[in-house]
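The values are calculated or read from the model by the stated rules, or taken from the named source; none is laboratory data. Please read these numbers as outputs of a predicted model, since none were measured by experiment. Every residue, glycine among them, receives a Cβ derived from its backbone with ideal geometry; neighbour counts consider all protein chains shown.
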Amino acid sequence: MHASSIRGSVLLLIDLQKAIDHPDWGVRNNPTAENEIRRLLAHWRAENWPVWHVRHDSSEPASHYRPGQPGHDFKPEVVPLPGEPVIAKRTNNAFIGTGLEERLREGGHTSLVVAGVITNNSVETTVRMAGNLGFDTYLVADGCFTFGRLDWDGRARSADEVHAMSLANLHGEYCTVVSTKELLDASR
């Protein structure tokens with residue numbers, strides 16, 4: 001990881017809305033993820049580097065992410081500042097139907113630092129697409145989290161297991177997985 005590839009990268013924060021705190025999701029991993037994201041956000045803002053927020057606008061009637069629901073609001077620690085773009089999406093991929101790729105290319109952005117939720121859902125699909133589109137992509141392992149779930153064979157997998165497998169699927173082929181500390185150290 002080279003400092004030159006990190007400096008000025010777009011910090012892309014995915015689906016960090018109050019809906020993710022609803023107990024229906026179950027047990028999550030990385031309980032300090034919001035603190036790590038707060039550190040990244042403070043650094044990016046202090047450096048005047050681009051911060052872009054992805055907001056999920058679900059059309060599912062029962063979704064906590066549906067516009068008009070309290071869960072649709074951004075979490076307090078990541079509320080966008082004036083001038084920080086908000087990309088509204090309806091699928092699990094921030095590039096589908098949003099104009100994200102075009103906006104990045106028009107702005108001359110070639111490098112992304114991604115954090116947010118859910119690791120094995122919107123984060124993973126967005127990171128895969130970013131890598132496939134040729135963006136130099138960094139995924140912040142401790143700036144993402146997920147929830148436990150059943151695997152294909154019906155065995156319960158912990159949130160840590162689901163998270164670790166998702167990171168393993170992405171690292172090397174689609175992105176470089178890093179920690180907040182590694183990223184901040186490399187960007188100074």
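Could you list, in sequence order, the residues of region 36-58 that are touching a residue at least 40 places away in the same chain (Cβ under 8 Å) and not hydrophobic (A, V, I, L, M, F, W, C)?
E36, R38, R39, H43, E47, P50, H53, R55, H56
Just for region 59-70: of the residues that are touching a residue at least 24 places away in the same chain (Cβ under 8 Å) and surrounded by fewer than 19 Cβ atoms within 10 Å (Cβ to Cβ), which one is farthest from W25 (Cα to Cα)?
The residue in question is S59.
When you check G131 against the structure, is it at negative phi, in contact (Cβ under 8 Å) with a residue 60 or more places away in the chain, out of contact with any Asp or Glu (no Cβ under 6 Å at 6 or more places or on another chain) and small (G, A, S), yes or no?
no
Taking only region 110-135 into account, find how many residues are closer than 24 Å to S187 by Cβ, surrounded by 18 or more Cβ atoms within 10 Å (Cβ to Cβ) and in contact with a Ser or Thr (Cβ under 8 Å, 6 or more places away or on another chain).
So the count comes out to 12.
Surrounded by 16 or more Cβ atoms within 10 Å (Cβ to Cβ), aliphatic (A, V, I, L, M) and out of contact with any helix residue (DSSP H, G or I) (no Cβ under 8 Å at 6 or more places or on another chain), is that true of A46?
So A46 does not fit the description; no.
I'd like to check something: does region 79-99 contain any residue that is under 22 Å from P31 (Cβ atoms), of a type outside the set (G, A, S) and either in contact with a Leu (Cβ under 7 Å, 6 or more places away or on another chain) or modelled with pLDDT of 95 or more (or both)?
Looking for residues that are under 22 Å from P31 (Cβ atoms), of a type outside the set (G, A, S) and either in contact with a Leu (Cβ under 7 Å, 6 or more places away or on another chain) or modelled with pLDDT of 95 or more (or both), one finds at least one in region 79-99, hence yes.
Given (1) surrounded by 11 or more Cβ atoms within 10 Å (Cβ to Cβ); (2) over 23 Å from L104 (Cβ atoms); (3) in contact with a helix residue (DSSP H, G or I) (Cβ under 9 Å, 6 or more places away or on another chain); (4) not small (G, A, S), where does V78 come up short, assuming only one miss?
(2)
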